[in-house]
1. Consider the stretch 367-388. How many of its residues are out of contact with any strand residue (DSSP E or B) (no Cβ under 8 Å at 6 or more places or on another chain) and more than 25 Å from Arg274 (Cβ to Cβ)?
2. Have a look at Arg121, Arg82 and point out the one that is within 28 Å of Ala335 (Cβ to Cβ), part of a strand (DSSP E or B), free of Cβ contacts under 8 Å to residues at least 40 places away in the same chain and not aliphatic (A, V, I, L, M).
3. Considering only the stretch 233-261, how many residues are out of contact with any helix residue (DSSP H, G or I) (no Cβ under 7 Å at 6 or more places or on another chain) and more than 22 Å from Arg352 (Cβ to Cβ)?
4. Cβ contacts < 8 Å: first residue hydrophobic (A, V, I, L, M, F, W, C), restricted to the stretch 343-356; second residue surrounded by fewer than 24 Cβ atoms within 10 Å (Cβ to Cβ) and at pLDDT below 95, any location; separation 6+ or different chain. Result?
5. Name the residue that is surrounded by the most Cβ atoms within 10 Å (Cβ to Cβ), counting only residues in the stretch 116-169 that are among the polar types (S, T, N, Q), over 19 Å from Asn227 (Cα atoms) and in contact with a strand residue (DSSP E or B) (Cβ under 7 Å, 6 or more places away or on another chain).
6. Test Asp98 against the criterion of being among the charged types (D, E, K, R), part of a loop (DSSP other than H, G, I, E, B) and out of contact with any strand residue (DSSP E or B) (no Cβ under 7 Å at 6 or more places or on another chain), and give yes or no.
7. What's the number of the condition Glu209 fails, among (1) closer than 21 Å to Glu38 by Cα; (2) surrounded by 18 or more Cβ atoms within 10 Å (Cβ to Cβ)?
8. Let me confirm something: among Pro21, Pro37, Pro48, which residue is modelled with pLDDT under 95 and of a type outside the set (A, V, I, L, M, F, W, C)?
Amino acid sequence: MLSLCFFLMAALLVCALAAVPASRQVLTDVRYNLWAPELLWTRDQIAPDCPHAWSIRKSVLHGGCQEGIDLIELDNGTMRFRIVPTRGMSIQDVKTADIRLGWDAPLTGLVHPKFVNLAGRDGLGWLYGFSEWMVRCGLESFGAPGPDEFVDDQGAKHTMNLTLHGRIGNQPASIVEIQAQTAPPYRLAVRGRVEEAFLHGPKLEIETELVTEAGSSTFSVRDTVTNRGGSSQEFALLYHNNFGPPLLEESARFLGPVKRITPISEHAAADLARYDIYRGPTPGWAEQVYCLEMWPDRENRTMVLLQNAAGDRGASLGYNVEQLPYFTLWKNPAARPDGYVTGLEPATGFPRNRRQERASGRVPILQARQSRSFQLDFAILPGAEAVQAARANIEAIRHGRETTVVKEPLS
(Lines give C-alpha, C1' and ligand atoms only; values in the text may rest on other atoms or scores of the structure.)
Protein backbone atom coordinates (compact mmCIF):
# COMPACT_ATOMS: atom_id res chain seq x y z
CA MET A 1 0.00 0.00 0.00
CA LEU A 2 2.88 2.37 0.79
CA SER A 3 4.33 1.76 -2.67
CA LEU A 4 0.97 2.34 -4.36
CA CYS A 5 0.39 5.62 -2.51
CA PHE A 6 3.89 6.87 -3.30
CA PHE A 7 3.60 6.27 -7.02
CA LEU A 8 0.06 7.68 -7.24
CA MET A 9 1.32 10.85 -5.60
CA ALA A 10 4.23 10.97 -8.03
CA ALA A 11 1.89 10.61 -11.01
CA LEU A 12 -0.35 13.42 -9.75
CA LEU A 13 2.70 15.60 -9.22
CA VAL A 14 3.90 15.06 -12.80
CA CYS A 15 0.49 16.14 -14.12
CA ALA A 16 0.48 19.24 -11.96
CA LEU A 17 3.97 20.31 -13.05
CA ALA A 18 2.89 20.97 -16.62
CA ALA A 19 1.14 24.17 -15.54
CA VAL A 20 4.09 25.59 -13.56
CA PRO A 21 6.12 28.31 -15.35
CA ALA A 22 9.72 27.41 -16.08
CA SER A 23 12.94 28.74 -17.59
CA ARG A 24 14.58 26.64 -20.32
CA GLN A 25 18.03 26.81 -21.91
CA VAL A 26 19.37 24.73 -24.80
CA LEU A 27 23.05 23.88 -24.33
CA THR A 28 23.62 21.68 -27.38
CA ASP A 29 21.65 21.20 -30.58
CA VAL A 30 23.57 19.74 -33.52
CA ARG A 31 20.72 20.59 -35.89
CA TYR A 32 21.62 24.28 -35.55
CA ASN A 33 25.34 23.93 -34.79
CA LEU A 34 24.56 25.21 -31.29
CA TRP A 35 26.85 24.56 -28.33
CA ALA A 36 27.32 26.53 -25.13
CA PRO A 37 30.75 25.92 -23.51
CA GLU A 38 29.78 27.53 -20.20
CA LEU A 39 26.64 28.49 -18.31
CA LEU A 40 25.63 29.16 -14.72
CA TRP A 41 22.09 29.32 -13.40
CA THR A 42 21.39 30.05 -9.75
CA ARG A 43 18.32 30.22 -7.59
CA ASP A 44 18.73 34.00 -7.29
CA GLN A 45 18.66 34.41 -11.08
CA ILE A 46 15.77 32.09 -11.92
CA ALA A 47 13.58 31.55 -8.84
CA PRO A 48 14.54 33.97 -6.04
CA ASP A 49 11.57 32.93 -3.92
CA CYS A 50 12.72 29.32 -3.70
CA PRO A 51 13.76 28.47 -0.10
CA HIS A 52 16.63 26.22 -1.29
CA ALA A 53 19.82 27.60 -2.87
CA TRP A 54 20.14 25.53 -6.04
CA SER A 55 22.38 25.93 -9.09
CA ILE A 56 23.08 24.38 -12.51
CA ARG A 57 26.52 24.82 -14.06
CA LYS A 58 27.78 23.75 -17.50
CA SER A 59 31.55 23.49 -18.12
CA VAL A 60 34.10 21.71 -20.32
CA LEU A 61 36.82 19.51 -18.84
CA HIS A 62 40.44 19.70 -19.96
CA GLY A 63 43.56 17.61 -19.64
CA GLY A 64 44.35 13.95 -20.14
CA CYS A 65 41.64 11.61 -21.36
CA GLN A 66 38.88 13.95 -20.15
CA GLU A 67 39.84 16.62 -22.70
CA GLY A 68 36.72 18.08 -24.29
CA ILE A 69 34.10 16.41 -22.07
CA ASP A 70 30.95 18.42 -21.39
CA LEU A 71 29.90 18.33 -17.74
CA ILE A 72 26.67 19.54 -16.12
CA GLU A 73 26.66 19.97 -12.34
CA LEU A 74 23.23 20.26 -10.75
CA ASP A 75 22.98 21.15 -7.06
CA ASN A 76 19.40 21.05 -5.77
CA GLY A 77 20.37 22.33 -2.32
CA THR A 78 20.52 18.82 -0.85
CA MET A 79 22.04 16.65 -3.58
CA ARG A 80 24.77 17.38 -6.13
CA PHE A 81 24.70 15.59 -9.50
CA ARG A 82 27.36 15.41 -12.20
CA ILE A 83 25.88 14.56 -15.61
CA VAL A 84 28.06 13.79 -18.63
CA PRO A 85 26.39 14.56 -22.01
CA THR A 86 29.56 13.52 -23.86
CA ARG A 87 29.22 10.01 -22.43
CA GLY A 88 25.63 9.21 -23.35
CA MET A 89 24.07 11.42 -20.62
CA SER A 90 25.60 9.18 -17.96
CA ILE A 91 25.52 10.31 -14.32
CA GLN A 92 29.02 10.39 -12.86
CA ASP A 93 27.90 10.58 -9.22
CA VAL A 94 25.33 11.91 -6.78
CA LYS A 95 26.40 13.35 -3.43
CA THR A 96 24.84 14.62 -0.23
CA ALA A 97 26.66 15.79 2.88
CA ASP A 98 27.65 12.25 3.89
CA ILE A 99 26.40 9.81 1.23
CA ARG A 100 27.76 9.30 -2.26
CA LEU A 101 26.20 7.32 -5.05
CA GLY A 102 29.21 6.36 -7.11
CA TRP A 103 32.41 4.33 -6.92
CA ASP A 104 36.19 4.62 -7.25
CA ALA A 105 37.06 3.28 -10.69
CA PRO A 106 40.74 2.55 -11.44
CA LEU A 107 40.79 5.56 -13.80
CA THR A 108 42.05 9.12 -13.44
CA GLY A 109 39.17 11.42 -14.32
CA LEU A 110 36.51 10.88 -16.94
CA VAL A 111 37.38 9.38 -20.33
CA HIS A 112 36.25 10.97 -23.58
CA PRO A 113 34.71 8.41 -25.98
CA LYS A 114 37.37 9.24 -28.58
CA PHE A 115 39.86 7.43 -26.32
CA VAL A 116 37.69 4.31 -25.99
CA ASN A 117 38.14 1.51 -28.51
CA LEU A 118 35.09 -0.65 -27.91
CA ALA A 119 36.57 -3.51 -29.94
CA GLY A 120 39.79 -3.55 -27.91
CA ARG A 121 40.74 -6.45 -25.62
CA ASP A 122 38.52 -8.88 -27.54
CA GLY A 123 35.45 -6.68 -27.25
CA LEU A 124 35.97 -5.54 -23.63
CA GLY A 125 37.13 -2.05 -24.60
CA TRP A 126 34.03 -0.48 -22.99
CA LEU A 127 35.83 -0.92 -19.68
CA TYR A 128 38.45 1.67 -20.68
CA GLY A 129 35.92 4.43 -20.02
CA PHE A 130 33.76 2.88 -17.31
CA SER A 131 33.65 5.03 -14.15
CA GLU A 132 30.10 6.37 -13.80
CA TRP A 133 27.52 5.80 -11.08
CA MET A 134 24.87 5.31 -13.80
CA VAL A 135 25.71 4.35 -17.35
CA ARG A 136 23.14 3.08 -19.84
CA CYS A 137 24.03 -0.06 -21.79
CA GLY A 138 22.54 -0.71 -25.24
CA LEU A 139 20.80 0.24 -27.43
CA GLU A 140 21.44 -2.32 -30.16
CA SER A 141 22.72 -4.78 -27.57
CA PHE A 142 24.32 -5.10 -24.16
CA GLY A 143 25.99 -7.96 -22.33
CA ALA A 144 28.98 -10.15 -23.04
CA PRO A 145 31.05 -9.66 -26.21
CA GLY A 146 31.27 -12.27 -28.92
CA PRO A 147 29.76 -13.34 -32.24
CA ASP A 148 26.08 -12.97 -33.04
CA GLU A 149 24.05 -13.59 -36.16
CA PHE A 150 21.50 -10.92 -37.00
CA VAL A 151 19.17 -9.85 -39.81
CA ASP A 152 19.65 -6.33 -41.19
CA ASP A 153 16.92 -3.92 -42.32
CA GLN A 154 17.15 -5.39 -45.84
CA GLY A 155 16.37 -8.91 -44.59
CA ALA A 156 19.90 -10.24 -45.11
CA LYS A 157 21.68 -12.37 -42.48
CA HIS A 158 25.06 -11.26 -41.12
CA THR A 159 27.49 -12.31 -38.43
CA MET A 160 29.10 -9.64 -36.26
CA ASN A 161 31.23 -9.50 -33.15
CA LEU A 162 29.34 -7.64 -30.46
CA THR A 163 31.28 -5.57 -27.95
CA LEU A 164 30.63 -5.37 -24.22
CA HIS A 165 27.49 -3.38 -23.31
CA GLY A 166 26.98 -1.67 -26.65
CA ARG A 167 27.67 1.87 -27.87
CA ILE A 168 25.16 4.22 -26.25
CA GLY A 169 27.29 5.00 -23.18
CA ASN A 170 30.04 6.29 -25.47
CA GLN A 171 27.84 8.36 -27.80
CA PRO A 172 27.80 12.15 -27.21
CA ALA A 173 24.34 13.67 -26.87
CA SER A 174 23.11 15.56 -29.92
CA ILE A 175 20.61 17.71 -27.99
CA VAL A 176 21.00 18.88 -24.37
CA GLU A 177 18.87 21.32 -22.40
CA ILE A 178 18.20 22.35 -18.81
CA GLN A 179 14.97 23.52 -17.22
CA ALA A 180 14.08 25.11 -13.88
CA GLN A 181 10.64 25.97 -12.58
CA THR A 182 10.20 29.51 -11.32
CA ALA A 183 7.43 28.58 -8.83
CA PRO A 184 6.73 25.67 -6.48
CA PRO A 185 7.57 22.81 -6.49
CA TYR A 186 10.75 24.21 -8.16
CA ARG A 187 11.50 21.21 -10.33
CA LEU A 188 14.96 21.07 -11.93
CA ALA A 189 15.68 18.95 -15.01
CA VAL A 190 18.52 18.04 -17.35
CA ARG A 191 17.44 16.52 -20.68
CA GLY A 192 19.30 15.00 -23.59
CA ARG A 193 18.94 13.02 -26.79
CA VAL A 194 21.48 10.37 -27.77
CA GLU A 195 21.38 8.66 -31.15
CA GLU A 196 22.62 5.27 -32.33
CA ALA A 197 21.93 5.19 -36.06
CA PHE A 198 23.68 4.30 -39.30
CA LEU A 199 22.97 3.14 -42.84
CA HIS A 200 21.91 -0.51 -43.09
CA GLY A 201 21.73 -0.69 -39.31
CA PRO A 202 19.66 0.42 -36.32
CA LYS A 203 18.06 3.86 -36.24
CA LEU A 204 17.60 4.09 -32.49
CA GLU A 205 17.58 7.06 -30.15
CA ILE A 206 17.04 7.63 -26.46
CA GLU A 207 15.62 10.79 -24.94
CA THR A 208 16.74 11.11 -21.33
CA GLU A 209 15.68 13.25 -18.40
CA LEU A 210 17.02 13.56 -14.86
CA VAL A 211 14.50 15.42 -12.71
CA THR A 212 14.53 16.47 -9.06
CA GLU A 213 13.06 19.20 -6.88
CA ALA A 214 14.97 21.87 -5.00
CA GLY A 215 15.82 20.60 -1.52
CA SER A 216 14.71 17.01 -2.22
CA SER A 217 16.61 13.81 -1.47
CA THR A 218 14.79 11.97 -4.28
CA PHE A 219 15.14 12.08 -8.06
CA SER A 220 13.94 10.28 -11.16
CA VAL A 221 15.47 9.20 -14.45
CA ARG A 222 12.95 9.08 -17.29
CA ASP A 223 13.92 7.72 -20.70
CA THR A 224 12.20 7.01 -23.99
CA VAL A 225 13.74 4.73 -26.62
CA THR A 226 12.45 5.17 -30.18
CA ASN A 227 13.03 3.23 -33.39
CA ARG A 228 13.29 5.96 -36.05
CA GLY A 229 13.76 3.42 -38.82
CA GLY A 230 11.24 2.16 -41.32
CA SER A 231 11.32 -1.48 -40.20
CA SER A 232 11.28 -3.38 -36.91
CA GLN A 233 14.44 -3.41 -34.81
CA GLU A 234 15.75 -5.37 -31.84
CA PHE A 235 16.86 -3.22 -28.93
CA ALA A 236 18.22 -3.61 -25.41
CA LEU A 237 18.58 -1.36 -22.37
CA LEU A 238 20.33 -1.98 -19.06
CA TYR A 239 20.84 0.60 -16.33
CA HIS A 240 24.29 -0.04 -14.83
CA ASN A 241 23.88 1.67 -11.39
CA ASN A 242 27.18 1.29 -9.53
CA PHE A 243 27.80 1.74 -5.81
CA GLY A 244 30.99 1.82 -3.81
CA PRO A 245 31.73 3.11 -0.29
CA PRO A 246 30.29 4.45 1.93
CA LEU A 247 27.19 2.31 1.25
CA LEU A 248 29.20 -0.67 0.03
CA GLU A 249 31.28 -2.25 2.79
CA GLU A 250 31.70 -5.56 4.56
CA SER A 251 28.26 -6.85 5.67
CA ALA A 252 26.36 -4.29 3.59
CA ARG A 253 23.12 -5.79 2.24
CA PHE A 254 21.02 -5.87 -0.88
CA LEU A 255 17.26 -6.20 -0.34
CA GLY A 256 14.42 -6.66 -2.79
CA PRO A 257 11.19 -8.64 -3.25
CA VAL A 258 12.98 -11.31 -5.26
CA LYS A 259 10.74 -13.66 -7.19
CA ARG A 260 13.46 -15.76 -8.80
CA ILE A 261 17.24 -15.85 -8.59
CA THR A 262 19.71 -17.67 -10.80
CA PRO A 263 23.52 -17.45 -10.67
CA ILE A 264 25.18 -16.68 -13.98
CA SER A 265 28.25 -18.89 -13.34
CA GLU A 266 29.59 -21.66 -11.13
CA HIS A 267 31.58 -19.11 -9.13
CA ALA A 268 28.40 -17.18 -8.36
CA ALA A 269 26.51 -20.40 -7.59
CA ALA A 270 29.08 -21.35 -4.96
CA ASP A 271 28.15 -18.23 -2.95
CA LEU A 272 24.41 -18.32 -3.64
CA ALA A 273 23.39 -18.52 0.03
CA ARG A 274 25.08 -15.15 0.62
CA TYR A 275 24.13 -13.44 -2.63
CA ASP A 276 22.57 -10.51 -0.72
CA ILE A 277 25.50 -9.96 1.71
CA TYR A 278 28.67 -8.16 0.68
CA ARG A 279 32.27 -8.96 1.42
CA GLY A 280 34.78 -6.30 2.24
CA PRO A 281 37.46 -5.53 -0.36
CA THR A 282 39.06 -8.89 -1.19
CA PRO A 283 42.17 -8.93 -3.41
CA GLY A 284 41.90 -11.50 -6.18
CA TRP A 285 38.20 -12.29 -5.67
CA ALA A 286 36.40 -12.66 -9.01
CA GLU A 287 33.14 -10.88 -9.77
CA GLN A 288 29.83 -12.64 -9.14
CA VAL A 289 26.63 -12.04 -11.11
CA TYR A 290 23.08 -13.01 -10.13
CA CYS A 291 20.09 -12.85 -12.48
CA LEU A 292 16.90 -11.85 -10.67
CA GLU A 293 13.23 -11.26 -11.32
CA MET A 294 11.21 -9.19 -8.83
CA TRP A 295 7.73 -9.46 -7.38
CA PRO A 296 5.69 -6.33 -8.20
CA ASP A 297 2.90 -4.55 -6.36
CA ARG A 298 -0.58 -4.11 -7.84
CA GLU A 299 0.69 -1.28 -10.04
CA ASN A 300 3.55 -3.46 -11.37
CA ARG A 301 6.06 -1.39 -9.39
CA THR A 302 8.89 -2.84 -7.35
CA MET A 303 11.70 -1.52 -5.16
CA VAL A 304 15.22 -2.59 -4.22
CA LEU A 305 17.57 -1.27 -1.55
CA LEU A 306 21.28 -1.14 -0.82
CA GLN A 307 22.04 -0.47 2.85
CA ASN A 308 25.29 -0.19 4.75
CA ALA A 309 26.29 -2.70 7.43
CA ALA A 310 24.74 -0.69 10.27
CA GLY A 311 21.47 -0.19 8.40
CA ASP A 312 21.52 3.55 9.06
CA ARG A 313 22.29 4.72 5.51
CA GLY A 314 21.14 3.50 2.13
CA ALA A 315 19.71 4.16 -1.30
CA SER A 316 16.52 2.80 -2.85
CA LEU A 317 15.48 2.27 -6.45
CA GLY A 318 11.90 1.88 -7.65
CA TYR A 319 10.81 0.92 -11.17
CA ASN A 320 8.10 -0.80 -13.21
CA VAL A 321 8.66 -4.50 -13.91
CA GLU A 322 6.65 -4.34 -17.13
CA GLN A 323 9.16 -1.78 -18.43
CA LEU A 324 12.22 -3.55 -17.01
CA PRO A 325 11.34 -7.18 -16.25
CA TYR A 326 14.86 -8.40 -15.41
CA PHE A 327 17.42 -7.36 -12.81
CA THR A 328 21.13 -8.10 -12.49
CA LEU A 329 23.00 -7.95 -9.20
CA TRP A 330 26.70 -7.48 -9.96
CA LYS A 331 29.12 -7.99 -7.06
CA ASN A 332 32.77 -7.06 -7.57
CA PRO A 333 34.36 -7.22 -4.10
CA ALA A 334 37.88 -6.58 -5.44
CA ALA A 335 40.59 -4.65 -3.65
CA ARG A 336 39.84 -0.91 -3.47
CA PRO A 337 42.48 0.03 -6.11
CA ASP A 338 41.00 -2.58 -8.48
CA GLY A 339 37.42 -1.27 -8.30
CA TYR A 340 35.39 -2.31 -5.22
CA VAL A 341 31.84 -1.95 -6.54
CA THR A 342 28.38 -3.46 -6.85
CA GLY A 343 25.83 -2.91 -9.62
CA LEU A 344 22.05 -2.76 -9.20
CA GLU A 345 20.88 -3.16 -12.79
CA PRO A 346 17.25 -3.28 -13.99
CA ALA A 347 17.06 -4.15 -17.67
CA THR A 348 15.16 -5.60 -20.60
CA GLY A 349 17.24 -8.78 -20.34
CA PHE A 350 20.27 -10.35 -18.66
CA PRO A 351 23.89 -9.35 -19.47
CA ARG A 352 24.77 -12.25 -21.74
CA ASN A 353 25.60 -12.22 -25.41
CA ARG A 354 22.60 -11.26 -27.54
CA ARG A 355 22.50 -14.62 -29.31
CA GLN A 356 21.90 -16.33 -25.93
CA GLU A 357 19.33 -13.79 -24.80
CA ARG A 358 17.48 -13.98 -28.12
CA ALA A 359 17.24 -17.77 -27.76
CA SER A 360 15.78 -17.23 -24.27
CA GLY A 361 13.18 -14.75 -25.53
CA ARG A 362 14.69 -11.73 -23.78
CA VAL A 363 15.46 -9.47 -26.75
CA PRO A 364 12.54 -7.05 -27.28
CA ILE A 365 11.59 -5.55 -30.64
CA LEU A 366 10.46 -2.04 -31.53
CA GLN A 367 8.30 -1.68 -34.61
CA ALA A 368 9.00 1.17 -37.05
CA ARG A 369 8.62 4.54 -35.26
CA GLN A 370 7.54 2.80 -32.05
CA SER A 371 8.71 4.06 -28.64
CA ARG A 372 9.03 2.57 -25.16
CA SER A 373 9.43 4.57 -21.97
CA PHE A 374 11.24 3.76 -18.73
CA GLN A 375 11.41 5.41 -15.31
CA LEU A 376 13.69 4.85 -12.33
CA ASP A 377 12.92 6.54 -9.00
CA PHE A 378 15.79 6.93 -6.54
CA ALA A 379 15.92 8.04 -2.91
CA ILE A 380 18.93 8.65 -0.69
CA LEU A 381 18.18 7.33 2.80
CA PRO A 382 20.20 9.30 5.40
CA GLY A 383 19.16 7.51 8.62
CA ALA A 384 17.97 4.26 10.17
CA GLU A 385 14.33 5.35 10.11
CA ALA A 386 14.41 6.02 6.35
CA VAL A 387 16.17 2.71 5.70
CA GLN A 388 13.63 0.82 7.80
CA ALA A 389 10.75 2.49 5.94
CA ALA A 390 12.24 1.31 2.63
CA ARG A 391 12.62 -2.23 4.01
CA ALA A 392 8.99 -2.20 5.11
CA ASN A 393 7.95 -1.06 1.64
CA ILE A 394 9.86 -3.95 0.08
CA GLU A 395 8.19 -6.44 2.41
CA ALA A 396 4.78 -4.96 1.57
CA ILE A 397 5.53 -5.55 -2.12
CA ARG A 398 6.69 -9.11 -1.39
CA HIS A 399 3.44 -9.72 0.51
CA GLY A 400 4.63 -13.09 1.80
CA ARG A 401 5.43 -14.49 -1.64
CA GLU A 402 8.35 -16.91 -1.86
CA THR A 403 11.63 -16.69 -3.75
CA THR A 404 12.47 -19.43 -6.24
CA VAL A 405 16.18 -20.25 -6.01
CA VAL A 406 17.74 -21.88 -9.05
CA LYS A 407 21.09 -23.39 -8.05
CA GLU A 408 22.37 -24.23 -11.52
CA PRO A 409 23.95 -21.41 -13.57
CA LEU A 410 21.79 -19.67 -16.13
CA SER A 411 21.59 -21.77 -19.29
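1. Our first condition is that a residue be out of contact with any strand residue (DSSP E or B) (no Cβ under 8 Å at 6 or more places or on another chain); within the stretch 367-388, this holds for 382-385, 388.
From what is left, the residues that are more than 25 Å from Arg274 (Cβ to Cβ) are 382-383, 385.
Adding up the residues that qualify gives 3.
2. Values: Arg121 fails: part of a strand (DSSP E or B).
It is Arg82.
3. 11
4. Phe350/Leu410
5. In this case the residue turns out to be Asn161.
6. Values: among the charged types (D, E, K, R): yes; part of a loop (DSSP other than H, G, I, E, B): yes; out of contact with any strand residue (DSSP E or B) (no Cβ under 7 Å at 6 or more places or on another chain): yes.
Judged against the criteria, Asp98 is a match.
7. (2)
8. Numbers: Pro37 fails: modelled with pLDDT under 95; Pro48 fails: modelled with pLDDT under 95.
Selected residue: Pro21, the only one of Pro21, Pro37, Pro48 that is modelled with pLDDT under 95 and of a type outside the set (A, V, I, L, M, F, W, C).
The values are calculated or read from the model by the stated rules, or taken from the named source; none is laboratory data. As the structure is a computational prediction, the values presented were derived from the model and not from experiment. So basically every Cβ, Gly included, is an ideal-geometry build from the backbone, and we count neighbours across all protein chains shown.
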